[in-house]
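One structure is given here, and the rest of the page talks about it.
The values are calculated or read from the model by the stated rules, or taken from the named source; none is laboratory data. Source: prediction; values computed, not measured. Counting neighbours? That spans all protein chains shown, and the Cβs are built from the backbone with ideal geometry, glycine included.
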Amino acid sequence: MRLFGSDRIAKIMDRMGVEEGEVITHKMVTKAIERAQKRVEMQNFSIRKHTLEYDDVMNSQREVIYDRRLAALERESIKDEVLELIDEVLQSLIDQYCPVKEYPENWDLTGFKNELRRIYLLNLEFKNEEIPQLTHERLFEQVQNAILTFYRHKENLYGEEIMRRLERYAVLITIDRHWRDHMYEMDQLKTGIGLRAYGQRDPLIEYKREAYRIFSEMIGTVDREIVGMVYKLQVNMPEKSREERRREAAERSMVTSHQDTVGMGFGSARQAEEANPMVAASQRGKAQPVKREGKKVGRNDPCPCGSGKKYKKCCGRNV
């Protein structure tokens, strides 16, 4: 009654001399209490309605994340999704650093090269005379060939099973980490969004707009980190298996695949090898021990050459 009732009722009760704890039976007072109760219920309903509308925004985002995470858990292979992410991230980098409306001379090629090195482990070099002839389609095709060649090389090196497990781990660990941070950020946004009403703005509309922006940025960051982890993660394997896989990978000549991009100014074979640590390791391999053929000859035994001298005073002197 103090917050939602009428001040006139309080004045009337003072005039009538109603004391504390006395039963109120007057119709006018009873109706005033009913009106105050309805106002309280309407306000509480409005609060619940707004809370549900705010929760709907978070629920829609939660469905997207949970569906993506469930697919990584239940499917035997997410290779197609990872390959699609690789192309999407590359296209987003080209759109960001090489705008369509800008001439190639005005592109931020330095930032583009740094991102390719950070995400795909690809060392990209452009020749000054070839920059004016660059196009988005040609740039995308050439870079895509290089990064997919490295992806296939890594898949051949580790095998199908290990590569699928590595991709699943990259998706799950990245989504979980960023989703926790996103939920905390959304709680902070919801706490202070009501202040937008002082600027004659609807807090709910402002909340939806900000939530969409934050979620889109989070998805973009997740995609780039997933692709980066797929290219950067390495697995400790048994020595014998590792050597066998390195020899197989060396036969596929990963470096020569990168040499195909020299026409675009993508650097030399040495730069391509330095850009991909796994390729360099596979090409170098591991030194094999020298195996002795036949029985070992003692120092004091007769020399096998037939001279009649001891081995240490004949052919053994040169060993």
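The single condition among (1) closer than 20 Å to K49 by Cβ; (2) over 23 Å from the mean Cα position of the chain (by Cα); (3) assigned to a helix (DSSP H, G or I) that R201 does not satisfy is (3).
Among residues of segment 161-173 that are surrounded by 15 or more Cβ atoms within 10 Å (Cβ to Cβ), those with a Cβ under 6 angstrom from a residue that is of a type in the set (S, T, N, Q) and not in a helix (DSSP H, G or I), sequence gap 6+ or separate chain, pair up as R164/S77. Sub-6 Å Cβ pairs linking a first residue in segment 205-233 that is assigned to a loop (DSSP other than H, G, I, E, B) to a second residue that is at pLDDT below 95, at least 6 apart or interchain, are L233/L166, ordered by first then second residue. Residues in segment 46-91 that are among the small types (G, A, S) and either without any contact (Cβ under 8 Å) to a residue 40 or more places away in the chain or surrounded by fewer than 14 Cβ atoms within 10 Å (Cβ to Cβ) (or both): S46, S60, A71, S77.
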